[in-house]
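The values are calculated or read from the model by the stated rules, or taken from the named source; none is laboratory data. Nothing here was measured: the structure is a model prediction, and the numbers come from that model. Cβ sites come from the backbone with ideal geometry, for glycine too, and all protein chains shown count toward neighbours. Accessible surface areas use protein heavy atoms only, side chains included; no ligands, DNA or RNA. Shrake-Rupley method; radii C 1.70, N 1.55, O 1.52, S 1.80 Å.
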Amino acid sequence: MMRTLTAFAAGALALAFPAAAIAQTPAPAPQQTPPAQQSDQTAPGQQDGGLVVDVEGGTAAPLPIIIPAMPTNQAVATPAGSTDELGRRLAAVIDDDLRNTGLFKTVGPNAARPIGYGEVTAPDYDSWNAFASQALVQGYVRANGDGSLSIGCYVYDTAARTELIRQGFVVSPAEWRRAAHKCADAIYTRLTGEGPYFDSQVVYVSETGPKNRRIKRLAIMDQDGANHRFLTNGQTIVLTPRLSPDQGRIVYMSYENRRPSIYVYDLRSRQQHLVASNVNLNFAPRWSPDGKWILFSMSVAGNIDLYRTSSAGGGTPDRLTNAPGIDTGGSYSPNGSQIVFESDRSGTQQLYVMGADGSNQHRISFGGGRYATPAWSPRGDLIAFTRTGGGAFRIGVMGPGGGNEKLLTSSWGDEGPSWAPNGRVLMFFRAAQGSGRPDLWSVDLTGVNARRIPTPLDGSDPSWGPIRP
């Protein structure tokens, strides 16, 4: 459990832990600092409205930012480690989050000098001049009498010598990483203008074993690969998992009893229920934005079409397409009014858009090669896809009307894009040439900043969930 620290005082805190999610409220007001000297010139990364990062050009000139270890008022042992060590680990998570975007040039806790507890709200700006940084992240960790932790997060503009952000959280020791991600999200959002995405989770298929006997299990982890756990034991092959909009359920395909069936797994109860079975070749299940419906493909009389069924299970699925050929890979628009899908009705796999009721079906992809696995951005402005041609699979994006197509990757085997909550980053899986073994990767909309996401075993079919509340 986690909640935002609603008020900071000099003494101890006594706040109860609700089951409610975190909310954004202020941390304590920092002490007064000297006013910045006036300058006739605007420094790089500065605009009239304050310090900002250009998300398109930022990868070429990342913004320098310092993130020293977070001090504690007293070293206290907790189930997650001593508070002084947690301060270093918190700063390291924030450092990793920001650096991995490609938009920030970080000086993390291993390189930055230690700061004192009293310095957190009274930055010594002059001491950081040698780093030529434009932003400074400071914070602290404090153990509370009820076993919880108070974590403060402050961000300063070092040129203007002003405070940009102040937040605080009360967390259980087990959730200290979430406080770090929330702090990084606040920094990223304040300096880029983009939405947050660090405090989110990913569901995917964990794979191991030889090609002809692959073991495929459901797994879930934080977006950076931490807090990993397996959800199924691998006795049955699972495919195409998708995290629900409320983050409490996963829909996926299973070959239990050697029949393709669709199940919903409840993360809270750790129980699953059958949604669709005894149908021929059902696959690629996807949630509607309200979580009430599941979109999937099914073969009837030799024709594969898109259907929707209640996520609660039971009832007769509604048929949405009826064109000859294969219609599959559906993805709802954020408001639920439209669906993008792939179809070979024109002779090759292409992307089509239709109303949520199946009306007004029209083609939107016209580039060379074939198009598959479309995914509508949570912002509604783009559709991601896999494009194949010349023996290669690449990740790309286009507008909902089919314009402004852009390929983001150039590797040999990139497939299955899934959007970050802010609609600026994509996660996908990349098959190694030769072995075919897949790994999870992410790339932003510039196509420049691609990186591998660590997983214990091979990974495929990622589904990036919403920002955690």
field: Looking only at the stretch 435-462, and only at residues there that are open to solvent by 50 Å² or more (accessible area, probe 1.4 Å) and of a type in the set (A, V, I, L, M, F, W, C), the one that is farthest from VAL55 (Cα to Cα)
entry: LEU457
field: When residues of the stretch 346-391 are limited to those that are of a type outside the set (Lys, Arg) and in contact with a Lys or Arg (Cβ under 6 Å, 6 or more places away or on another chain), the one surrounded by the most Cβ atoms within 10 Å (Cβ to Cβ)
entry: TYR371
Failed item, numbered, when SER343 is tested on (1) within 26 Å of the chain's Cα centre (by Cα); (2) open to solvent by less than 20 Å² (accessible area, probe 1.4 Å); (3) not basic (Lys, Arg): (1)
query: Looking at VAL275, is it within 23 Å of ILE453 (Cβ to Cβ), at pLDDT below 95 and either hydrophobic (A, V, I, L, M, F, W, C) or touching a Lys or Arg at 6+ places or on another chain (Cβ under 7 Å) (or both)?
result: no
message: Based on this model, can you work out whether VAL353 counts as aliphatic (A, V, I, L, M), at pLDDT below 95 and farther than 20 Å from LEU218 by Cβ?
response: no
- prompt: In the stretch 85-115, which residues are open to solvent by 10 Å² or more (accessible area, probe 1.4 Å) and within 18 Å of ALA143 (Cβ to Cβ)?
  reply: GLU85, ARG88, ARG89
- request: Would you mind stating whether PRO334 is closer than 26 Å to GLY423 by Cβ, surrounded by fewer than 17 Cβ atoms within 10 Å (Cβ to Cβ) and either touching a residue at least 24 places away in the same chain (Cβ under 8 Å) or of a type in the set (Lys, Arg) (or both)?
  value: yes
task: Identify the residue in the stretch 284-330 that is on the phi > 0 side of the Ramachandran plot and free of Cβ contacts under 8 Å to residues at least 40 places away in the same chain and, among all such residues, is most open to solvent (accessible area, probe 1.4 Å).
output: ALA301
- request: Please state which of the following conditions ALA184 fails to meet, knowing it meets all the rest: (1) buried (at least 24 other Cβ atoms within 10 Å of the Cβ); (2) without any contact (Cβ under 8 Å) to a residue 60 or more places away in the chain; (3) not in a strand (DSSP E or B).
  value: (2)
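To keep it simple, each residue is scored yes or no on (1) polar (S, T, N, Q); (2) modelled with pLDDT of 95 or more; (3) farther than 30 Å from GLN272 by Cβ; (4) touching a strand residue (DSSP E or B) at 6+ places or on another chain (Cβ under 8 Å).
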position: GLU163; (1), (2), (3), (4): no, yes, yes, yes
position: ASP185; (1), (2), (3), (4): no, yes, yes, yes
position: ASP199; (1), (2), (3), (4): no, yes, no, yes
position: PRO210; (1), (2), (3), (4): no, no, no, no
position: ASN233; (1), (2), (3), (4): yes, no, no, yes
position: SER244; (1), (2), (3), (4): yes, yes, no, yes
Single residue of the stretch 210-225 satisfying the filter (in contact with a Gly (Cβ under 9 Å, 6 or more places away or on another chain) and open to solvent by 20 Å² or more (accessible area, probe 1.4 Å)) that is nearest to VAL264 (Cα to Cα): ARG217
statement: Counting only residues that are among the β-branched types (Val, Ile, Thr) and part of a loop (DSSP other than H, G, I, E, B), the stretch 350-378 contains a total of 1
- prompt: Any idea which residue in the stretch 59-86 is modelled with the highest pLDDT, counting only those that are in contact with a Gly (Cβ under 7 Å, 6 or more places away or on another chain) and closer than 19 Å to THR189 by Cβ?
  reply: ILE67
statement: When the stretch 226-254 is checked residue by residue, the ones that are of a type outside the set (Val, Ile, Thr), open to solvent by 10 Å² or more (accessible area, probe 1.4 Å) and in contact with a Leu (Cβ under 8 Å, 6 or more places away or on another chain) are PHE230, LEU231, GLN247, ARG249
field: For VAL202: the one exception among (1) over 21 Å from ALA69 (Cβ atoms); (2) open to solvent by 20 Å² or more (accessible area, probe 1.4 Å)
entry: (2)
message: Given the criteria assigned to a strand (DSSP E or B) and of a type in the set (S, T, N, Q), does THR121 qualify?
response: no
- line: Counting only residues in the stretch 156-181 that are in a helix (DSSP H, G or I) and either out of contact with any Lys or Arg (no Cβ under 9 Å at 6 or more places or on another chain) or free of Cβ contacts under 8 Å to residues at least 60 places away in the same chain (or both), the one nearest to GLU119 (Cα to Cα) is identified as ALA179
query: Which ones in the stretch 253-273 are free of Cβ contacts under 8 Å to residues at least 12 places away in the same chain and among the hydroxyl-bearing types (Ser, Thr, Tyr)?
result: SER269
